[in-house]
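What follows is a short report on a single structure.
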Amino acid sequence: MRSLNERYEATAGCVAEGRTELADFAARAGATPNQVDAVRLAASEALTNAVLHAYGGGPGWIYVNAAVSSGELWILIADEGCGLKPRTQRAGLGLGLGLISEVSDDFAVVSRASGGTEVRIRFNLVDAEPGAGDPSPGERHSASGDARRHGFTPSMSAA
């Protein structure tokens with residue numbers, strides 16, 4: 001239960017499957033119901049971005065990794081696609097990364113040395129009493145975003 005490592009074909013169907021796997025993992029890891037909902041939303045946005053933009057409609061893989069370390073849930077969603085490039089013609093409204101930023105405690109989008117893009121998302125897991133909500137934004141702390149401290153490396157998600 002300490003980690004989740006999945007690989008999905010970059011198709012629309014992987015979004016629902018990956019979102020469900022990550023939400024279930026978060027719940028088992030002790031995330032509050034609000035945090036599980038936040039994981040669902042963040043996962044949907046990151047997976048959808050990979051499906052729409054990574055491979056230009058061609059075949060490819062999306063790698064989903066999650067782990068719990070030091071009271072934090074780390075989620076990595078990576079592809080081996082075309083990487084971060086400015087696009088003038090975009091599908092959608094372009095709000096996905098902003099949503100991920102709002103619902104997570106920290107996140108980063110990085111280019112992978114081996115090619116492609118990796119979205120790193122962190123949630124602080126809290127020990128909530130029954131009926132207690134998530135911490136207010138002022139109670140959250142931000143980490144450096146260095147996923148390597150938590151056992152992740154940019155190449156770990158490649159198969």
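The values are calculated or read from the model by the stated rules, or taken from the named source; none is laboratory data. Every value quoted in this text rests on a predicted model; they were computed, and no experiment measured them. Heads up, the Cβs are rebuilt from the backbone with ideal geometry, glycines too, and the neighbour counts pull from every protein chain shown.
Kindly indicate which of Arg148, Arg140, Arg87 is surrounded by 13 or more Cβ atoms within 10 Å (Cβ to Cβ), at pLDDT below 80, farther than 21 Å from Cys14 by Cα and out of contact with any Ser or Thr (no Cβ under 7 Å at 6 or more places or on another chain). Even if it seems obvious, please write down each step before you answer.
Values: Arg148 fails: surrounded by 13 or more Cβ atoms within 10 Å (Cβ to Cβ); Arg87 fails: surrounded by 13 or more Cβ atoms within 10 Å (Cβ to Cβ).
Going through Arg148, Arg140, Arg87 in turn, the sole match is Arg140.
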Near pairs, Cβ below 7 angstrom, 6+ apart or cross-chain, from the range 1-24 (in a loop (DSSP other than H, G, I, E, B) and crowded, with 19+ Cβ neighbours inside 10 Å) to any residue that is at pLDDT below 95 and small (Gly, Ala, Ser): Ala10/Ala50; Ala10/Ala54
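For the range 55-74: of the residues being assigned to a strand (DSSP E or B) and either among the charged types (D, E, K, R) or more than 19 Å from Thr20 (Cα to Cα) (or both), which is farthest from the chain's Cα centre (by Cα)?
So the first thing to find is which residues in the range 55-74 are assigned to a strand (DSSP E or B), and the list is 61-69, 72-74.
Adding the requirement that they be either among the charged types (D, E, K, R) or more than 19 Å from Thr20 (Cα to Cα) (or both) leaves 69, 72.
Values: Ser69: 15, Glu72: 13 Å.
Looking at residues that are assigned to a strand (DSSP E or B) and either among the charged types (D, E, K, R) or more than 19 Å from Thr20 (Cα to Cα) (or both), I get Ser69.
Provide a single number: the residues in the range 97-137 that are in a loop (DSSP other than H, G, I, E, B), aliphatic (A, V, I, L, M), surrounded by 13 or more Cβ atoms within 10 Å (Cβ to Cβ) and modelled with pLDDT of 50 or more.
Residues meeting the conditions: 2.
Looking at Val39, Val51, which is the one that is part of a helix (DSSP H, G or I) and touching a Cys at 6+ places or on another chain (Cβ under 8 Å)?
Details: Val39 fails: touching a Cys at 6+ places or on another chain (Cβ under 8 Å).
Just one listed residue meets the conditions, Val51.
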In the range 61-71, residue surrounded by the most Cβ atoms within 10 Å (Cβ to Cβ) [restricted to those that are modelled with pLDDT of 95 or more and more than 12 Å from Arg2 (Cβ to Cβ)]: Ile62
Pair list, Cβ < 9 Å and 6+ apart or interchain, from the range 40-55 residues that are more than 14 Å from Ser104 (Cβ to Cβ) and without any contact (Cβ under 8 Å) to a residue 60 or more places away in the chain to residues that are in a helix (DSSP H, G or I) and small (Gly, Ala, Ser): Leu47/Ala16; Leu47/Gly18; Thr48/Gly96
Whichever residue in the range 25-36 is assigned to a loop (DSSP other than H, G, I, E, B) and of a type outside the set (A, V, I, L, M, F, W, C) and, among such residues, is nearest to Ser101 (Cα to Cα): Thr32
Sole exception among (1) more than 19 Å from Val126 (Cα to Cα); (2) modelled with pLDDT of 95 or more for Leu52, by number: (2)
